[in-house]
Each structure stands twice: as structure tokens, then as C-alpha cells.
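Before any comments, here is the structure.
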Amino acid sequence: MDITRLELSDLLKSDGFKCSCGKFHHTDVEDVVIGHGVLKELPNYIRKHGGEKIFLLADQRTHKAAGKKTEDILCEHEIPYALYIYPHEDLEPNELALGQVAMNFDEECNLIISIGSGTLNDIGKMLAKITGRKYMVIATAPSMDGYASNNSSMISAGIKVTIPSKSPILILSDLDVVCQAPVKLLQAGLGDMLAKYISICEWRISHLINSEYYCEQVADLVRSTVKKCLQSAGDLLKRDSKTIKNIMEGLILSGIAMSFAGISRPASGVEHYFSHIWDMRALEFQTNSDFHGIQVGIGTVLALKVYEHIPVLQPNKEKALDYVARFQYDKHKSFLKEFLGSSASNLILLEQKEGKYDKTKHYLRLERILENWNEIIDIINQELPDLSVVQELLQTVGAPIDPAFLGFSPELVKKTFYATKDIRDKYSVSRLLWDIGELERIADKVF
């Protein structure tokens, strides 16, 4: 079955799809409801999924956006509920936030509903996992792609990590609510969708070099939804409901694609690692940071600038081997500790398990790179748009394209790029350039 031709509702098939890639594609999301005034349909889905007493989770802003109305609807339908509203506005998806809501959880509740977007959805999915309850989310902004995924992006010991959690059985997006989200959250959603160009490109490259699992149908599903999002993206600042609905569907489909693949590859690449590192530095050093999708949009522009230089490279085996032979990992560890602070220790421990810098593994990768270099260039040319197209689109909707917007100097951005290859064992452009001995030279040109 060609899943790219299916409507969103048809992708939620309970028994999943057998794919030619060898995987059985499945999502635990059972219902997606997007439309004007659909919040009033919530009681029907609560009953459908056996909800008896509801645990509502919100923060100060999202309670104003949709939480109070949700309470009114539950009261009108005589559905009992408990409510926890985070008392502070600057909420982070960390151990403290999860512990706070866990300590205030009402054990009589058999269904959890988060009212919010990125952070609240991540926390809600984690809470559902640790309590064993069913989970739903009421979206308040089309700002990120994690609504449907079965993972949560959390901060653990100062590092942004992806932790298995629990997919929502219902994603409800009332356009009367999400169309009124702050402009920056609308821009963030578009930024997160533009990232998919890089993610699919790097997924294919890693499949070629490392024999990493890859599914063309899942990749094509993401490609098609990105295309649909961008067709009307110019009307985003008008709060055009069709545009916002397309972005909302695209973000949800991206999460479903991650569930289908069983990995985050369909939706994130090096552009996300720029954002993760800036978040880690903000936690450690109180430096600037912004919404995930805003940072990812900037990271996408930076990644495209790097990729512009790759087609003209001619990898040389002796040069690459000499570069890696001279690489001093102890010196690199010192750099990570200085640049990232305490969170660097976890990255160093991660490397002991993954062995990204192991010379034998590098040699094997280099052989594959040299053997398939022309195909790598073909993938880049096939998957990536022109830098000017992405820059113009982000500027049209008022989104930033330069890390200077965040107060970051070129030198800091260069160091960020160096550190992207250490976040986790996901092959990206920074690791490709390290493998061929061109990392510093290209970074000097770009940043």
C-alpha cells in the first residue's frame, strides 16, 4: 500500500501497514480532529476511549487559551476532572517539571489530557507512561512536530534527550484556538517543517554510508506533507486557517512518520542539534535561547549553507586518514567541557558506548563514502532546496534566519557546529565532514 496517498485519518489504521521496507508501520494515535469549534467534541472522544475522571494539565498561558473552555465543556457534560496548572510561566521539560505534576497527580483519574504544545505535550506523554493512563492532547499552537510521536524531548542532567514515552490516542486541534497562537509560535511551526528537508537528506546519506534502516515510503510521506505546508505558507501572518491547518497536519504527520519508522530520523537532523546545543548552553550558562522551531529554522538555514559547499569537494583517502590520525579526542573533550559545561560529561560517556571517533569504524565509513561519493552528491541535489528559497520563505513570515538574532557570534556558531556531531549517534553533515577531514575548513568558510 502506498501510504503517501492516504488521508491523515486513514493512516491511523489500528492494525498498521506492512511495508516493503520490512517494517510494520503503526501509530498508537487513534483519532486526529482538526477544525473550527471542535473542542466541543471532546466529551465524545472521552467517552469513546473510556474516560471516567480526567486529569487536565496546563500552564498559565495554555489554561487561558483553551483550558478554561475545556473545564466549562467538561462541567457541562458532567465529566469529573482534576486540574494541575504549573504556577510558573517559563516551563522546561525537565525532571523538576515531571516530578511536580507526578506529585500532584490524582490517582482516581484514568485519562490524562494536556492542554498545550511542545513542553506540555512532552511532559504529558511522560506522565502517561509512568502512570499507565491513556493520554490525549489539546493543541494550542502549530509550533512543533512532537504531537503524535511516542517519544518526549526532555532535559535530563542538562542534556536534551529523546525518551520513549506514550503517544496520545487523540490529538485535538481547534482552529479557533491555534489560529490565535502567538505569531512566534506560528513561525516556529513553519521552521520545524522546513527542517524535514535536512532530515530526509541525512537519513538517506546515513543509509548509504552506515546501512542505517531507511524507508522510502515514510520519507515520501514527509516530503509530500512539507510540500503541502509550503504551498500556502505565505499567508501565515494573516492567520489564514487553511495555512495553519496545513502546518498543523504536517507537524502531526511528521510525528506519525517517526512512529512508523521507530526513530526520529524522518523529522530531525543536524538543524535540530544546533537548537539542542543552544538549549543546553542556556541551561548551563543562562545564554539566549528561543522557541524550538525558531532555532530549528535558523539551524536549517545554517545546514543549507554548509551543504552548499559539499558538491564541490573531492574527498581524498590519505588526507582523511591523516586528519583522523591527528585528531586528539582528549583535546576535543576539553572543548566540550568548556563549551557545554557539566552536560559535556554525559556526551563523553555516550561516546564511550557509541565509538563515533573509533578509527576502525571511521575507516569503514570512509571506504563507503569514497565508493558512493557521486550518489551522496545526487542525494543532496535531490533533497535540498536552494538556500535562497528557504531564507525568503522564513523572511516572508517574519521569522529570523540569522543566529545573530539570538545574540550568537560567528565563532559561537562555529563551535556549535563542531559539537553537533557529539549530541548522539545520528549521522549528520558535521560527521560526514569530519570523516573526510574537511570539518574545520568548511566551517571557516560558512561561519
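The values are calculated or read from the model by the stated rules, or taken from the named source; none is laboratory data. On a predicted model such as this, the values are computed, not experimentally measured, just so you know. Note that we place each Cβ from the backbone using ideal geometry, even for glycine, and neighbour counts take in every protein chain shown.
Which condition number in (1) surrounded by fewer than 23 Cβ atoms within 10 Å (Cβ to Cβ); (2) polar (S, T, N, Q); (3) under 23 Å from K245 (Cα atoms) is the one that N94 fails?
The single condition N94 does not satisfy is (3).
For the stretch 262-277, state whether one or more residues are surrounded by fewer than 20 Cβ atoms within 10 Å (Cβ to Cβ) and over 24 Å from the mean Cα position of the chain (by Cα).
no
Considering the stretch 393-416 alone, what residues qualify as being among the polar types (S, T, N, Q), surrounded by fewer than 18 Cβ atoms within 10 Å (Cβ to Cβ) and touching a residue at least 24 places away in the same chain (Cβ under 8 Å)?
Across the stretch 393-416, the qualifying residue is only T396.
Among the residues of the stretch 177-186, is there at least one that is modelled with pLDDT of 95 or more, over 19 Å from T420 (Cβ atoms), hydrophobic (A, V, I, L, M, F, W, C) and outside any helix (DSSP H, G or I)? Steps first, please.
In the first step, residues of the stretch 177-186 are kept if they are modelled with pLDDT of 95 or more; the result is 177-186.
Narrowing the set further to residues that are over 19 Å from T420 (Cβ atoms) leaves 177-186.
The next check asks that each one be hydrophobic (A, V, I, L, M, F, W, C); those that pass are 177-179, 181, 183, 185-186.
Keeping just the survivors that are outside any helix (DSSP H, G or I) gives 179, 181.
For the stretch 177-186, residues modelled with pLDDT of 95 or more, over 19 Å from T420 (Cβ atoms), hydrophobic (A, V, I, L, M, F, W, C) and outside any helix (DSSP H, G or I): present.
Would you please list the contacts, defined by Cβ atoms under 6 Å and residues six or more apart or on different chains, that run from a residue in the stretch 316-333 that is without any contact (Cβ under 8 Å) to a residue 60 or more places away in the chain to a residue that is in a helix (DSSP H, G or I) and β-branched (V, I, T)?
As it stands, the answer is K333/I348, since those pairs meet every condition given.
Please verify whether G341 is surrounded by fewer than 18 Cβ atoms within 10 Å (Cβ to Cβ), under 23 Å from the mean Cα position of the chain (by Cα) and either among the hydroxyl-bearing types (S, T, Y) or over 23 Å from I436 (Cα atoms) (or both), treating the condition exactly as stated.
no
Restricting the search to the stretch 1-57, which residues are modelled with pLDDT of 90 or more and β-branched (V, I, T)?
Those that are modelled with pLDDT of 90 or more and β-branched (V, I, T): T27, V29, V32, V33, I34, V38, I46, I54.
Output the residue which, of all residues in the stretch 100-120 that are within 20 Å of the chain's Cα centre (by Cα) and assigned to a loop (DSSP other than H, G, I, E, B), is modelled with the lowest pLDDT. Let's see the steps before the verdict.
Applying the first criterion (within 20 Å of the chain's Cα centre (by Cα)) to the stretch 100-120 yields 114-120.
The next check asks that each one be assigned to a loop (DSSP other than H, G, I, E, B); those that pass are 116-117.
On the way: G116: 96, S117: 92.
In this case the residue turns out to be S117.
Looking at V137 and the list (1) buried (at least 24 other Cβ atoms within 10 Å of the Cβ); (2) touching a Gly at 6+ places or on another chain (Cβ under 8 Å); (3) in contact (Cβ under 8 Å) with a residue 40 or more places away in the chain, which single condition is not satisfied?
Every condition holds for V137 apart from (3).
Residue-wise test of (1) at positive phi; (2) part of a helix (DSSP H, G or I); (3) surrounded by fewer than 21 Cβ atoms within 10 Å (Cβ to Cβ); (4) modelled with pLDDT under 95.
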| position | (1), (2), (3), (4) |
| --- | --- |
| S334 | no, yes, yes, no |
| Q352 | no, yes, yes, yes |
| Q391 | no, yes, yes, no |
| A419 | no, yes, no, no |
| I423 | no, no, no, yes |
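Being surrounded by 17 or more Cβ atoms within 10 Å (Cβ to Cβ) and either in the same structural domain as S199 (by TED's automatic domain parsing) or within 15 Å of A195 (Cα to Cα) (or both) is the filter here; which residues of the stretch 224-247 pass it?
T225, V226, C229, L230, A233, I247
Of all residues in the stretch 354-383 being charged (D, E, K, R) and not in a helix (DSSP H, G or I), which is surrounded by the fewest Cβ atoms within 10 Å (Cβ to Cβ)?
Applying the filter and picking the extreme gives D358.
Is there a residue in the stretch 121-138 that is closer than 30 Å to I277 by Cβ, at pLDDT 95 or above, in a strand (DSSP E or B) and within 22 Å of the chain's Cα centre (by Cα)?
Within the stretch 121-138, one or more residues are closer than 30 Å to I277 by Cβ, at pLDDT 95 or above, in a strand (DSSP E or B) and within 22 Å of the chain's Cα centre (by Cα).
Kindly provide the set of residues from the stretch 425-442 that are crowded, with 20+ Cβ neighbours inside 10 Å and either part of a helix (DSSP H, G or I) or out of contact with any Pro (no Cβ under 9 Å at 6 or more places or on another chain) (or both), ordered by number.
Passing the criteria: K426, Y427, S428, V429, S430, R431, L432, L433, W434, D435, L439, I442.
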